[in-house]
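To keep things clear, I will list the structure first and then write my remarks on it.
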Amino acid sequence: MKADVVLGLQWGDEGKGKIVDVLTPNYDVITRFQGGPNAGHSLEFNEIKHVLHSIPSGIFHANQINIIGNGVVIDPVIFKKETTSIYKLGVPLQNKLQISRKAHLILPSHRILDAASEAAKGLTKIGSTLKGIGPTYMDKTGRNGLRVGDILQSDFKEKYNHLKQKHIALLRMYNFSYNIEEQEKEWFEGIDEIRKYTIIDSEYEVNHLLSDGKRVLAEGAQGTMLDIDFGSYPFVTSSNTISAGACTGLGIAPSRIGEVFGVFKAYCTRVGSGPFPTELDDETGNTLREKGHEYGATTGRPRRCGWLDMVALRYSILINGVTQLIMTKADVLSDFDIIKICTGYKVQGRIMEQIPYDLQEVDSPEYVEMKGWKRDVSEITEKSDIPSELIRYIEFVEKETGIPVTIVSLGPDRRQIIFR
Ligand code: GDP
Ligand code: IMO
Ligand code: MG
């Protein structure tokens, strides 16, 4: 068998959590492969909304194994909060969740370094979620990191102290006040929580599962425009959010990747700093934010909103090898007479259809206008009931990208989904 991948094609928050939850019944195993608690993946059923940060979005289904892969970074404090709230819902988490030995740990001092680095950047800050993601991946590639497997070794405390001292030395560079000790008790309690789960060599496990004919779904975090290599650098996250990240973040070969489901919102949002060509700094942007409840699932920050950007979407499809598109949140556009779609960027008087080296060079987006459908679509359950204007909107995306939109999500709930 091959592993299928669900990932975001924009700047994150495309609705990946909901889509993974909807697709989970078709799979035996759900895995996260990169990112960490900077992610906030929402899913909704029985009138309750759940937000997951480190745990895969298949966790609420009865029969699936959920694996946190080697490419993920784990904050034990956030992990414990998450497991505690999931236990309260009666989910037998210990039987269903496995963690890679090679996943890296976010230390309290990583979080502090993240905050100190952002404070030092002032106006040029990334707008990080301040979860310690950047410093943890820096220690991973700098070959200094602590991994889940280390917590089972007798010298774990020494390794921890060694890395902490290194961070304290680094923090001297910054004029930043902090207190590591007050966070350490909770952190070590989180480590004890991690110890309760099956710690695995996920590369062997996932490959064996595939060889045994099990269906594996890999759940991406963030989005392609936040990818460390291909996103709007430096305003990006610190991991490969693209389909290739599923290979390195799980230990599976490219030839073992099957479907790549690219999730995109019917418009665009971005949270944090950095260029955003179709951003609407006006009443329309506010309407999208309020109607779409565009506030961060992890930080609560208001998300910046704008029209759908086909230049970015085509680029993301290319980089990821997307085989099927999934469109979310078209219901949010229901009140608009006219909906715009960006098909090119004006840069120094010329129209570009590719992403420029520096997205900040874009002077203005080039738009086409589409007629809105002007009707509530959130209750639609049959594809034959989709208004013709919305079908035209979907077909425009398919024509521009050459990829079919096979699933349309029209609300946050599990049931609000249409397979085309
Ligand atoms: P993720 O990070 O990609 O999993 O996305 P988030 O959970 O951060 O943000 C998506 C938000 O939109 C969440 O509040 C979801 O409950 C909600 N959502 C997902 N799909 C839809 C949809 O089709 N329509 C509407 N109105 N909301 C949706
Ligand atoms: P999900 O998985 C949206 C953004 C931050 C910031 C930049 C770097 O829910 O889609 P980091 O904390 O990684 O150093 O922040 O990336 N960011 C996200 N934006 N959704 C996310 O995850 C994000 N994870 C990080 O806002 O601009
Ligand atoms: Mg999110």
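Bear in mind these aren't lab numbers, they're just calculated from the coordinates by the rules spelled out. What you are looking at is a predicted structure, and each value in this text was computed from that prediction instead of being measured. A quick note on method: Cβ atoms are made from the backbone with ideal geometry, for glycine too, and the neighbour counts reach across all protein chains shown.
What the table below lists for this structure:
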read-out	value
Long-range amide H partners of SER273 with built H, under 5 Å	GLY127
Amide H contacts under 5 Å for LEU146, placed H, 5+ residues apart	LEU105
Net dipole in debye of the range 29-85 [+1 Lys, Arg Cβ; -1 Asp, Glu Cβ; about Cα centre; nearest 20]	120
Mean ellipticity per residue at 222 nm, deg cm²/dmol - from DSSP H runs of n ≥ 4 across the chain, formula -39500 (n - 2.57)	-9500 deg cm²/dmol
Mean Cβ count within 10 Å, highest first, over the residues of peptides 174-180, 414-420	414-420, 174-180
Test item: Cα-centred dipole of the range 269-420, Lys/Arg +1 and Asp/Glu -1 on Cβ, debye	400
Contact order normalised by residue count of the range 143-270, Cα under 8 Å, 6+ apart, percent	16
In degrees, nearest ten, helix 202-211 long axis to first principal axis of the chain (Cα)	50
Percent RCO, i.e. relative contact order, over the chain, from Cα pairs under 8 Å lying at least 6 residues apart	20
Around GLU82: net Lys/Arg minus Asp/Glu count, Cβ-Cβ under 14 Å	+3
Fewest-first ranking of LYS374, LYS214, using other Cβ atoms within 10 Å as the exposure measure	LYS374, LYS214
Reachable lysines from LYS185, criterion Cα separation under 18 angstrom, eight or more residues apart if same chain	LYS80, LYS81, LYS131, LYS157, LYS159, LYS164, LYS196
Helix 310-320 axis, angle to the chain major axis (alpha carbon atoms, nearest 10°)	50
Value of D in µm² per second that Stokes-Einstein yields for the range 276-329, Kirkwood Rh from Cα pairs, at 10 °C (1.306 mPa s)	125
Cα gyration tensor category, rounded, prolate or oblate, for the range 181-330 with a/c compared to 1.5	oblate
Reduced Cα scattering model of the chain, Debye log10 I(q)/I(0), q = 0.06, 0.07 Å⁻¹	-0.24, -0.32
Whole-Hz couplings from phi, Karplus 6.51/-1.76/1.60, listed for the range 36-45; x for Gly and Pro	x, x, 5, 6, x, 10, 9, 9, 9, 7
Cα centroid separation - the range 185-209 against the range 125-151, whole Å	17
Interchain or long-range residues, amide H under 5 Å from THR328's placed H	PHE264, LYS265, ALA266, SER409
Listed residues GLU193, GLU205, GLU283, most fluctuating in the chain (Gaussian network, C-alpha, under 10 Å)	GLU283
MET370, MET1 arranged by Cβ crowding within 10 Å, fewest neighbours leading	MET1, MET370
³J(HN,Hα) computed for each position of the range 337-352 - Karplus, 6.51 cos²θ - 1.76 cosθ + 1.60, integer Hz, glycine/proline x	5, 10, 10, 9, 10, 7, 10, x, 10, 8, 10, 6, x, 10, 8, 10
Charge-dipole axis of the chain as Lys and Arg at +1 and Asp and Glu at -1 on Cβ define it, positive-most pick from ILE339, ILE391, SER409	SER409
Cα gyration tensor shape of the range 310-420, rounded if a/c is under 1.5, else prolate or oblate by comparing a/b with b/c	prolate
Most to least packed among 397-404, 96-103 [average Cβ atoms within 10 Å]	96-103, 397-404
Where Rh is the Kirkwood radius over Cα pairs, Rg/Rh for the range 223-287	1.08
Principal-axis tilt of helix 76-88 within the chain, Cα atoms, nearest 10 degrees	70
J(HN,Hα) series, the range 19-24, from Karplus relation 6.51 cos²θ - 1.76 cosθ + 1.60, nearest Hz, glycine and proline x	5, 4, 4, 5, 7, 3
